[in-house]
2 protein chains.
Amino acid sequence: MNDKKFYMEKTFMNRAIELAREGMDNGDGGPFGCVIVKEGIIVAEGNNCVTKENDPTAHAEIVAIRRACDVLGSFQLTGCDIYTSCEPCPMCLGAIYWARPERVFFAANRNDAAKAGFDDDFIYKELKLPLEDRTIPHIRVQNDEGADIFRTWVSKENKIKY
Amino acid sequence: MNDKKFYMEKTFMNRAIELAREGMDNGDGGPFGCVIVKEGIIVAEGNNCVTKENDPTAHAEIVAIRRACDVLGSFQLTGCDIYTSCEPCPMCLGAIYWARPERVFFAANRNDAAKAGFDDDFIYKELKLPLEDRTIPHIRVQNDEGADIFRTWVSKENKIKY
């Protein structure tokens, strides 16, 4: 049983890596691929399409998450596993937390990505900095008006929480 | 001149907050809005559409970034400012770093969002944890095959870096 489980995990990761290679060869974007699996079946696949689509958010995981949610008709990936060829960058990790799958499997990590010229590790470091020390300045304005809308949300009836 | 600058910043933030309110009232998703400005002109707007579109990545900033990049025909937001009704969550902050705008203005912050039931602050805390301590398990497999593809990327000719 463990052998079978290992074999399936390897099959899914191999597919994620294959998607990464195909996307790179096609000139879609960087060498990143992702598959999302539910009950032993791939429900969606994705590869990095940043440069092809002029979309900086079109990382493999984001592409696959959007497709999987579309297929499943849900904004949650309950019961799903994510197989990604590289440790998710902060953007994709955030997306994963919002989508709430069961587990994330990855092959290469943020250091491997950094060595190949990708900013993953840099962004992880920036996230930990106080707002005033970040490379991209973050400036707070109109605190009260911004917070006020949350009070309306809290008291709103018939809202769908996510 | 400073008065004019302040007035413009306030106008853009008011619009972001208005988008947040409209989106909430329309039932698109949570109360979040965003505008992206280049040379004093709004090039794209967005509001949270998570529940309407069954897309956990459809946060206001992601929606606006994708639209702005489409309008500008670029995967970079060089020279742009982002006005968002709430401090970006880790996913959106990651997207902002990949899009590389000049500055980010925000009104409410992660604590305001958390008080209204949004996971922003929780995800910020998870990001800082070692992989093995995270609520969503992150499991590394096939390190070598994952890293190998980056070596191919580094030696690839005619690639578009992003």
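In table form, for the structure just shown:
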| item | result |
| --- | --- |
| Cross-link pairs beyond the 26 Å C-alpha cut-off, checked among A:128/B:5; A:52/B:156; B:4/B:38 | A:128/B:5 |
| Pairwise FRET efficiency - residue B:115 versus residue B:136, Cβ, R0 = 22 Å, nearest 0.05 | 0.40 |
| 19 Å cut-off, amide nitrogen to a point 7 angstrom out along residue A:10 Cα→Cβ, residues in segment B:116-146 | B:139-146 |
| Table column - 3J(HN,Hα) (Hz), segment B:93-105, Karplus curve with 6.51, -1.76, 1.60, x for Gly and Pro | 5, x, 4, 5, 5, 5, 7, 6, x, 6, 8, 10, 9 |
| For segment B:1-130: rounded, prolate or oblate by the Cα gyration tensor [a/c cutoff 1.5] | rounded |
| Average other protein chain Cβ within 10 Å of Cβ, residues A:150-158 | 5 |
| Distant-in-sequence amide H partners of residue A:33 (H built 1.01 Å from N, under 5 Å) | A:20, A:85, A:86 |
| Using θ = phi - 60° and Karplus 6.51 cos²θ - 1.76 cosθ + 1.60, couplings along segment A:149-158 (whole Hz; Gly, Pro as x) | 5, 5, 5, 4, 4, 4, 8, 5, 9, 6 |
| Rounded to 5, percent antiparallel among DSSP beta bridges of segment B:32-162 | 70 percent |
| Shielding by partners - mean other protein chain Cβ count within 10 Å, residues of B:117-123 | 4 |
| Built amide H within the under 5 Å cut-off of residue A:105, gap 5+ | A:82, A:83, A:84, B:139 |
| Accessible area per residue, Å², segment A:75-162 with all protein chains present, probe 1.4 Å | 41 Å² |
| Shielding by partners, peptide B:69-75 (average Cβ within 10 angstrom, other chains) | 4 |
| 5 angstrom amide H check on residue A:77, placed H, neighbours 5+ away | A:100 |
| Gyration tensor verdict on segment A:1-75 (Cα atoms; rounded if a/c is under 1.5, prolate if a/b is larger than b/c, oblate otherwise) | oblate |
| For chain B: relative contact order, % (alpha-carbon pairs under 8 angstrom, 6 or more apart) | 15 percent |
| Residue-averaged 222 nm ellipticity for chain A, from DSSP H runs of 4+ at -39500 (n - 2.57), nearest 500 | -15000 deg cm²/dmol |
| Rounded to the nearest 20 debye, dipole of the protein assembly as shown from Cβ charges on Lys, Arg, Asp, Glu | 140 debye |
| Accessible-area composition of the protein assembly as shown, carbon plus sulfur, in percent [1.4 Å probe] | 49 percent |
| Within the protein assembly as shown, percent of DSSP bridges classed antiparallel, to nearest 5 | 60 percent |
| Protein heavy-atom accessible area occluded, A/B pair - total, 1.4 Å probe, Å² | 7900 Å² |
| Position residue A:122, label points 7 Å along Cα→Cβ, spacing to each other copy in nm (shortest first, one decimal) | 3.2 |
| Table column - 3J(HN,Hα) (Hz), segment B:46-63, Karplus curve with 6.51, -1.76, 1.60, x for Gly and Pro | x, 9, 4, 10, 4, 7, 5, 9, 6, 9, x, 8, 7, 6, 3, 5, 5, 4 |
| Gyration tensor verdict on segment B:105-162 (Cα atoms; rounded if a/c is under 1.5, prolate if a/b is larger than b/c, oblate otherwise) | oblate |
| Relative packing of peptides B:134-142, A:77-85 - highest average C-beta neighbours within 10 Å first | A:77-85, B:134-142 |
| Nearest-20 debye value, chain A charge dipole, Cβ charges on Lys, Arg, Asp, Glu | 460 debye |
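The values are calculated or read from the model by the stated rules, or taken from the named source; none is laboratory data. A quick note: this is a predicted structure, and the numbers were derived from the prediction, not measured. Ideal geometry is used to build each Cβ from the backbone, glycine not excepted, and the neighbour counts take in all protein chains shown. All accessible areas refer to the heavy atoms of the entire protein, side chains included, with ligands and DNA or RNA removed. Shrake-Rupley method; radii C 1.70, N 1.55, O 1.52, S 1.80 Å.
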